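To keep things clear, I will list the structure first and then write my remarks on it.
The values are calculated or read from the model by the stated rules, or taken from the named source; none is laboratory data. Remember, it's a predicted structure, so these values are computed and weren't measured experimentally. Don't worry about glycine lacking a Cβ; one is built from the backbone with ideal geometry, like all the others, and counts go over all protein chains shown.
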Amino acid sequence: MKIVVADISHIRFAKDICETIEASATQRGTGIARRTEEYIITKLENNNAVVAFKGEKFAGFCYIERWDHGKHVAHSGLIVHPDFRNQGLAKKIKKKIFDYSLEKFPDAKIFGITTGLAVMKINSDLGYKPVPFSELTDDANFWAGCETCTNYEILKLKEHKMCLCTGMLHDPKKEIITEEVHEHPFNKKVWTRLKNIKQALFLKKSLKQKKGEK
Ligand SMILES: CC(C)(COP(=O)(O)OP(=O)(O)OC[C@H]1O[C@@H](n2cnc3c(N)ncnc32)[C@H](O)[C@@H]1OP(=O)(O)O)[C@@H](O)C(=O)NCCC(=O)NCCS
């Protein structure tokens, strides 16, 4: 398996990347925000992505976006092809893109938003902390990327302050990742509880709204 910083030679995987993202989003019934093949190609061309492949078979992908004139970078669009899941590949891709971002954008805070437990676990192992959306970029173009997510109405309703996704942030100036962090990843039960609380709150709110309450 090769896990490398993308370049123009990987444009051959662009169609597979898009199709795999699309298929997963449909299956999960929620966002990953959709991306066009052209957009993925610019990420590959500009060395702003990591791609994994085995022989000629696409295995996984994640890309970098810069926001607020480089004050923040986001890692988005993480996808592992179903044939390669549960083998630690997402973890390796995220580690690769994390190290690469620190090298390429040393002053930027790194963030992501996710509903997925796998990504929460991986991020917390890398030293990310859960934060409210106010700590993330306020660049409207980032949030415009959520428009293709099935939860977008909730984001709008909450005036972009919160949604079903959890924001996670790594500030290289504040964080020193120690071996200890890797040895004691954030407790799975805590994450599950956090996610359940968020979902319950949103359900309660939408039920109230249906009943016309405030
Ligand atoms: C989520 C996804 C990227 C995980 O890829 P993967 O290569 O199977 O993940 P890994 O094998 O590296 O697993 C990393 C950790 O997450 C856990 N994990 C993996 N899939 C999981 C799932 N569906 N639910 C809960 N935990 C999961 C693993 O057990 C592992 O935990 P550990 O560190 O305690 O061992 C992959 O399932 C995928 O592409 N899904 C569809 C797209 C998606 O959801 N992208 C994320 C958008 S934010």
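Structure above, values below:
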| item | result |
| --- | --- |
| Near pairs, Cβ below 9 angstrom, 6+ apart or cross-chain, from segment 67-78 (under 9 Å from A108 (Cα atoms) and among the acidic types (D, E)) to any residue that is modelled with pLDDT of 95 or more and away from the ligand (no atom under 11 Å from the Cβ) | none |
| Contacts under 9 angstrom Cβ, first residue in segment 161-184 being under 27 Å from E147 (Cβ atoms) and hydroxyl-bearing (S, T, Y), partner part of a loop (DSSP other than H, G, I, E, B) and at pLDDT 60 or above, 6 or more apart | T166/T115 |
| Output for segment 1-18, where each listed residue is surrounded by 14 or more Cβ atoms within 10 Å (Cβ to Cβ) and assigned to a helix (DSSP H, G or I) | H10, I11, F13, A14, D16, I17, C18 |
| Only one of Y100, Y63 that is more than 10 Å from the ligand (Cβ to nearest atom), part of a helix (DSSP H, G or I) and modelled with pLDDT of 95 or more | Y100 |
| Residues satisfying the stated conditions in segment 126-141, i.e. assigned to a helix (DSSP H, G or I) and buried (at least 19 other Cβ atoms within 10 Å of the Cβ) | F133 |
| Residue match in segment 84-92 (condition: outside any helix (DSSP H, G or I), touching a residue at least 60 places away in the same chain (Cβ under 8 Å) and near the ligand (Cβ under 8 Å from one of its atoms)) | no |
| Sole residue being basic (K, R) and within 25 Å of D139 (Cβ to Cβ), chosen from K15, K43 | K43 |
| Leading residue by the ranking (modelled with the highest pLDDT) among those in segment 27-41 that are in a helix (DSSP H, G or I) and within 11 Å of the ligand (Cβ to nearest atom) | Q27 |
| Matching residues in segment 105-125 - criterion: being hydroxyl-bearing (S, T, Y) and either assigned to a loop (DSSP other than H, G, I, E, B) or under 15 Å from V190 (Cβ atoms) (or both) | T115, S124 |
| Residue within segment 44-59 that is under 15 Å from the mean Cα position of the chain (by Cα) and more than 14 Å from the ligand (Cβ to nearest atom) present | yes |
| Selection count, segment 142-162, where residues are in a loop (DSSP other than H, G, I, E, B) and under 14 Å from the mean Cα position of the chain (by Cα) | 1 |
